[in-house]
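J.: This is the structure, below, for whatever I ask next.
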Amino acid sequence: MGTVDRRAVRVPLEDGAGLEADLSAPSEARGVVVFAHGSGSSRLSPRNRFVAGRLEAEGLATLLLDLLTAREEREDLVTGRFRFDVDLLARRLLSAIRWVSEQPELADLRVGLFGASTGAAAALQAAAAAPERVAAVVSRGGRPDLARQALLHVRAPTLLIVGGADEPVLHLNQQALLLLGCHKQLEVVPGAGHLFEEPGALERVAELAVRWFVRYLAPDQAPSSPAARS
């Protein structure tokens with residue numbers, strides 16, 4: 001796949017603040033996936049980094065970013081004020097998408113969003129707000145109910161991945177599937193809980209995400225790894 005440019009970056013916000021992020025961009029990248037973590041997590045989430053590594057192996061660039069500034073993160077640890085503010089988190093994702101469009105090596109690539117838990121709600125809301133920029137969405141154990149008003153306006157093909165043992169969240173995703181007006185699919189990982197910690201569960205998430213993003217971000221190029229094939 002050639003060389004990979006890995007570096008820490010800062011996504012600027014309109015108020016002059018910035019979001020810390022980690023970019024991995026393979027040479028001749030086939031697309032770029034922006035990650036939105038769930039409440040209480042960060043760009044250092046081992047689960048998201050595992051999935052990002054599988055995407056990178058398929059030639060997709062990844063951007064893992066903190067959705068809150070350092071000051072907001074400190075406040076949120078005490079008050080929980082920001083973690084369920086989906087409007088704020090979606091605006092932060094839109095800032096990241098804008099930043100991607102301004103980078104010469106990324107500007108021409110299709111953009112996908114991978115959201116976990118509350119980050120999935122932010123990803124869906126951002127996709128609804130920027131249909132011309134977001135080409136695919138994958139939700140892992142997501143809370144699409146927190147973006148209910150946006151679901152009808154999502155145009156990007158959307159994959160909802162839920163653990164079979166995560167019954168409350170599975171129910172929420174089944175309801176969301178009915179509201180989504182885009183091409184959509186619900187995949188249930190048997191026996192998996194909310195964090196997909198069971199043996200093989202996270203690997204299955206990664207396989208599904210790779211297949212979805214390659215299909216919609218690089219439609220003319222088949223996945224190269226056996227795990228990513230249908």
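J.: Residue 181 fails exactly one of the following numbered conditions: (1) surrounded by 23 or more Cβ atoms within 10 Å (Cβ to Cβ); (2) at negative phi; (3) outside any helix (DSSP H, G or I). What is the number of that condition?
T.: Result: residue 181 passes all but (1).
J.: With the requirement that a residue be assigned to a helix (DSSP H, G or I) and either in contact (Cβ under 8 Å) with a residue 40 or more places away in the chain or farther than 20 Å from residue 48 by Cα (or both), what does region 142-169 give you?
T.: 145, 146, 147, 148, 149, 150, 151, 167, 168
J.: Right, here's the next one. Say we look at region 109-129 and pick out the residues that are modelled with pLDDT of 95 or more and open to solvent by 10 Å² or more (accessible area, probe 1.4 Å); which of these is nearest to residue 172 (Cα to Cα)?
T.: Checked region 109-129; the qualifying residue nearest to residue 172 (Cα to Cα) is 125.
J.: On to the next question. What is the residue count in region 15-47 for residues that are part of a strand (DSSP E or B), touching a Phe, Trp or Tyr at 6+ places or on another chain (Cβ under 9 Å) and of a type in the set (Gly, Ala, Ser)?
T.: 2
J.: Looking at (1) among the aliphatic types (A, V, I, L, M); (2) surrounded by 19 or more Cβ atoms within 10 Å (Cβ to Cβ); (3) assigned to a helix (DSSP H, G or I), which one does residue 137 not meet, given that it meets all the others?
T.: Unmet condition: (3).
J.: For region 14-36, give me each residue that is in contact (Cβ under 8 Å) with a residue 60 or more places away in the chain and either open to solvent by less than 20 Å² (accessible area, probe 1.4 Å) or more than 27 Å from residue 141 (Cβ to Cβ) (or both).
T.: Initially, region 14-36 is screened for residues in contact (Cβ under 8 Å) with a residue 60 or more places away in the chain, giving 14, 19, 21, 25, 29-36.
Answer for region 14-36, where residues must be in contact (Cβ under 8 Å) with a residue 60 or more places away in the chain and either open to solvent by less than 20 Å² (accessible area, probe 1.4 Å) or more than 27 Å from residue 141 (Cβ to Cβ) (or both): 14, 19, 21, 25, 31, 32, 33, 34, 35, 36.
J.: Go through region 78-102 and report how many residues are assigned to a helix (DSSP H, G or I), open to solvent by 80 Å² or more (accessible area, probe 1.4 Å) and at pLDDT 80 or above.
T.: 3
J.: Still on this structure, I have one more. Any residue in region 74-85 that is closer than 24 Å to residue 142 by Cβ sitting within a Cβ distance under 7 Å of a residue that is part of a loop (DSSP other than H, G, I, E, B)? List the pairs, counting only those 6 or more apart or interchain.
T.: Correct list of pairs: 76/68; 76/82; 76/83; 82/68; 83/39; 83/40; 84/39.
J.: Further question: Sort out which residues of region 142-178 are farther than 19 Å from residue 33 by Cα, of a type in the set (S, T, N, Q) and surrounded by 15 or more Cβ atoms within 10 Å (Cβ to Cβ), and write them in order of number.
T.: If the condition is that a residue be farther than 19 Å from residue 33 by Cα, of a type in the set (S, T, N, Q) and surrounded by 15 or more Cβ atoms within 10 Å (Cβ to Cβ), then 173 is the only one that fits.
J.: Oh, and also: Could you tell me which of the residues 192, 227, 222 is of a type outside the set (Phe, Trp, Tyr), modelled with pLDDT under 95 and in a loop (DSSP other than H, G, I, E, B)?
T.: That would be 222, the only listed residue that is of a type outside the set (Phe, Trp, Tyr), modelled with pLDDT under 95 and in a loop (DSSP other than H, G, I, E, B).
The values are calculated or read from the model by the stated rules, or taken from the named source; none is laboratory data. Source: prediction; values computed, not measured. Here Cβ is always computed from backbone atoms with ideal geometry, including for glycine, and neighbour counts include all displayed protein chains. For the accessible areas, the whole protein counts, side chains as well, though only heavy atoms, and no ligand, DNA or RNA atoms are used. Shrake-Rupley method; radii C 1.70, N 1.55, O 1.52, S 1.80 Å.
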